[in-house]
Amino acid sequence: METVDDSMVMNQVRAGRGDLVGLLFDRHHRPLYGFFVNLTRNGPLAEDLCQEVFLRVLRYAPSFRVGSAFRPWLYQIARNVLADHRQRLRPQAPLEAADQLADPHPGAQALAIAQADAARLGEALARLPLDKRELLLLSRDPEFSTQELAGLYGCTPGALKVRVHRALNDLRTHFFAHQEVMP
């Protein structure tokens, strides 16, 4: 069975086939959930934000432009949902520590180093402003082209690359600022 393109499905949703949002949900829920978990460090909140995104997909279906790519439009909605959530939260609650998943069989020292690095990376990422965390997460998504992300951020591809570079430099600074030397 051939997979129908997301843009074609969204065009049908625009035309009144709201029942097809479930197909888009099935395809995009997991990466969208991961996006929100990485930004909020809160699984239940990430799930709520995902559901809000898909409610807005239905609500704003008429604004989807025929011939445009679906993923950038979806993630623009996701960014708006997150911004609305943050606006309601003022002041923002501190981020929780991320759950650590590790290989069950590495040596003790390798495991300790990997866990320490993962914790430091999570802490460094949490120190970045939300907009830079969001940009880094989306720029690492292989399904987004530079052109699509530039459109999402309303800038040129060159300007997007500069933003990503600066965000990575900030992340690197935070990561190495709190480096502990392991014996």
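Inspection of segment 53-67 identifies at least one residue that is in a loop (DSSP other than H, G, I, E, B), in contact with a helix residue (DSSP H, G or I) (Cβ under 7 Å, 6 or more places away or on another chain) and at pLDDT below 90. Does segment 118-168 hold any residues that are buried (at least 18 other Cβ atoms within 10 Å of the Cβ) and of a type in the set (D, E), and which are they? E134, E148, listed by residue number. Screening L152 against (1) within 14 Å of the chain's Cα centre (by Cα); (2) closer than 16 Å to R41 by Cβ; (3) aliphatic (A, V, I, L, M) leaves a single unmet condition, (2). Checked against (1) surrounded by 16 or more Cβ atoms within 10 Å (Cβ to Cβ); (2) farther than 15 Å from V81 by Cα; (3) of a type in the set (D, E), E52 passes all but a single condition, namely (2). Just wondering, is there one or more residues in segment 108-127 that are closer than 30 Å to D5 by Cα and at pLDDT 85 or above? Looking through segment 108-127, none of the residues is closer than 30 Å to D5 by Cα and at pLDDT 85 or above. Scanning segment 55-84 for residues that are under 15 Å from the mean Cα position of the chain (by Cα), surrounded by fewer than 17 Cβ atoms within 10 Å (Cβ to Cβ) and farther than 21 Å from V13 by Cα returns a single hit, A83. Residues in segment 1-47 that are free of Cβ contacts under 8 Å to residues at least 12 places away in the same chain and either in contact with a strand residue (DSSP E or B) (Cβ under 9 Å, 6 or more places away or on another chain) or among the basic types (K, R) (or both): R17, R30.
The values are calculated or read from the model by the stated rules, or taken from the named source; none is laboratory data. In this text the structure is predicted, and so the values were computed from the model without any measurement. Neighbour counts are summed over all protein chains in view; Cβ atoms, including those assigned to glycine, are modelled from backbone coordinates with ideal geometry.
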